[in-house]
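First comes the structure, then the notes that go with it.
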Amino acid sequence: MGVRGQTGSNAGLPHGPVGLREDRPVLRGTVIFGRDERGNDLVEYSLLLAAICLAGAAMFIGIGGTTSSLWGIVNSRLAASNQGS
């Protein structure tokens with residue numbers, strides 16, 4: 001039998017917020033962790049850095065074809081000028 005004659009699955013549970021009872025440290029820690037706002041800046045800056053890195057990688061992939069064709073043109077012109085002299 002629970003508190004004040006209660007029975008069943010809710011017997012002995014407080015009427016306050018879930019997870020704040022002292023005998024449930026995991027739930028209490030989860031609630032405190034959810035309310036804690038320290039470290040939000042670190043997460044936001046990490047996501048911003050990841051987005052910048054992805055944009056940079058996409059830019060390098062896009063420029064790769066252009067650079068390859070540019071070196072091909074330079075190589076063919078150098079070969080042609082070498083043959084002419």
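Key figures
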item	result
Unique match (being out of contact with any Asp or Glu (no Cβ under 9 Å at 6 or more places or on another chain), open to solvent by 60 Å² or more (accessible area, probe 1.4 Å) and not in a helix (DSSP H, G or I)) among Arg38, Arg77	Arg38
Check on Gly34, modelled with pLDDT under 75 and not basic (Lys, Arg)	yes
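The values are calculated or read from the model by the stated rules, or taken from the named source; none is laboratory data. Everything numeric here is computed off the predicted structure, so don't read it as measured data. FYI the Cβ positions are ideal-geometry reconstructions off the backbone, even for glycines, and counts take in every protein chain you see. These area figures cover heavy atoms from the full protein model, side chains too; ligands, DNA and RNA do not enter into them. Shrake-Rupley method; radii C 1.70, N 1.55, O 1.52, S 1.80 Å.
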